[in-house]
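The values are calculated or read from the model by the stated rules, or taken from the named source; none is laboratory data. Remember, it's a predicted structure, so these values are computed and weren't measured experimentally. Ideal geometry is used to build each Cβ from the backbone, glycine not excepted, and the neighbour counts take in all protein chains shown.
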Amino acid sequence: MMRLMGLGLALLASLGLAQEPEELMSYAPRAQVPPGYPTTYAATIRAAEDEGRLVIYATTDMAIARPLIADFKAMYPRINVEYDDLTSTELHYRFVAETQLGGGSADVIWSSAMDLQSSLVSNGYAQTYESPESAGLPAWAKWKSQAWATTFEPIAIAYNKTLIPASEVPRTHADLARLLNGSAERFKGKVITYDIEKSGLGFFLATQDVGVAPVFWEIAQGFGKVDVRFASTTDAMLKQIASGKATIAYNVLGSYAATQARMEANIGYVFPSDYTLVMSRLQLINKKATNPNAARLWVDYILSKRGQNVIANQTGLYSVRADVIGETTATRLTQTLGNSLRTIAVGPSLIGYLNNQNYRDFIVQWRKATENAAGK
């Protein structure tokens, strides 16, 4: 009997009747309308399930995003998620090029380069969507029903605990400027930061620094004196700190630094007490999305209390919603750092430095300040 069953299965396979994973998706249970949502949301879910696919371009590392994708799949098992983890600059220009060429591109764009994301909204690349979760966000975290902040992430200074005494760790931006300019020989080749000409996030954070405190240009001059080294990601900088190849890393994502510090005993980090920038990963829906309904489900999930709980308690990122409890939340960070926080609001004001002349002027000044830097 077993032999006959085996032959039967082989025959089905030879006839092309064996089920591929994509085919099995259609037999997954249908999703239910989330609690508190209008019953009309069922139509969006059904349309998304018919699409069966969601393409996301993101700057969030896949290892960090994995719990979110898994939980989204648990809610919507009939939707296959394709996730591309890219640098902020690569993501932006790839999406723009693909869209302009008329080919397929991502349904959702999720990036930490808030200025580049805002420019996509300003230039008509984003779809308008009235998310039922919008009311759960603070006013600064949404713009035109086209862009939504998903995290609340402080920017930090990281350091190697074995290479610099705790008493000498810079606690403010002015401290860092004095340290670099006054002890240049000691820190030669031992400081690392973003290459703002290659990293969209790095450029954005530099322009935000200037807007808060002109001392940034003294830091930049210090970078030149110590032959600063450059990287395109926070992860790359933290690896240099962990290995001892770098003593100080400037403008790293605090969420990544905190996670790595729990695994690497020699990594330390501080949130500057004079001001700590707080940025967010902005998401938007492609105006020409191939799978617009699946994209809406993703946006709503990420903004929901359920999704934000996963962000705070499983990814190591900081939740933006005030009703989410945990160590890595906007509420806890505000309680800890108070008035030193400088939250970057979503909106058209973020785009100014992307103007061609403004961008060129900033880069020229940056190059002049860091002209002795390694690789320049």
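Taken together, the criteria exclude Ile325 from residues that are in contact (Cβ under 8 Å) with a residue 40 or more places away in the chain and either in a helix (DSSP H, G or I) or not assigned by TED's automatic domain parsing to the domain that holds Ala184 (or both).
Taking strands (runs of 3 or more DSSP E) as the structural unit, those lying wholly within the range 217-297 and holding at least 3 residues that are touching a Phe, Trp or Tyr at 6+ places or on another chain (Cβ under 9 Å) correspond to 248-253, 267-270, 282-285. Considering the range 340-349 alone, what residues qualify as being at pLDDT 95 or above and in a helix (DSSP H, G or I)? Answer for the range 340-349, where residues must be at pLDDT 95 or above and in a helix (DSSP H, G or I): just Ser340.
Summed over the range 135-161, residues that are in a helix (DSSP H, G or I) and within 19 Å of the chain's Cα centre (by Cα) total 2. For the range 125-166, filtered to residues that are buried (at least 21 other Cβ atoms within 10 Å of the Cβ) and of a type in the set (Phe, Trp, Tyr), the residue that is farthest from Tyr93 (Cα to Cα) is Tyr159.
Results for (1) without any contact (Cβ under 8 Å) to a residue 60 or more places away in the chain; (2) surrounded by fewer than 24 Cβ atoms within 10 Å (Cβ to Cβ), shown as yes or no for each residue.
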| position | (1), (2) |
| --- | --- |
| Pro214 | yes, yes |
| Trp217 | no, yes |
| Gln221 | no, yes |
| Val228 | no, no |
| Asp235 | no, yes |
| Ala257 | no, no |
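Can we say Ser122 is in the same structural domain as Thr315 (by TED's automatic domain parsing), surrounded by 23 or more Cβ atoms within 10 Å (Cβ to Cβ), within 30 Å of Leu303 (Cβ to Cβ) and hydroxyl-bearing (Ser, Thr, Tyr)? So Ser122 does not fit the description; no.
Of the residues making up the range 42-52, not a single one is of a type outside the set (A, V, I, L, M), at pLDDT 95 or above and surrounded by fewer than 11 Cβ atoms within 10 Å (Cβ to Cβ).
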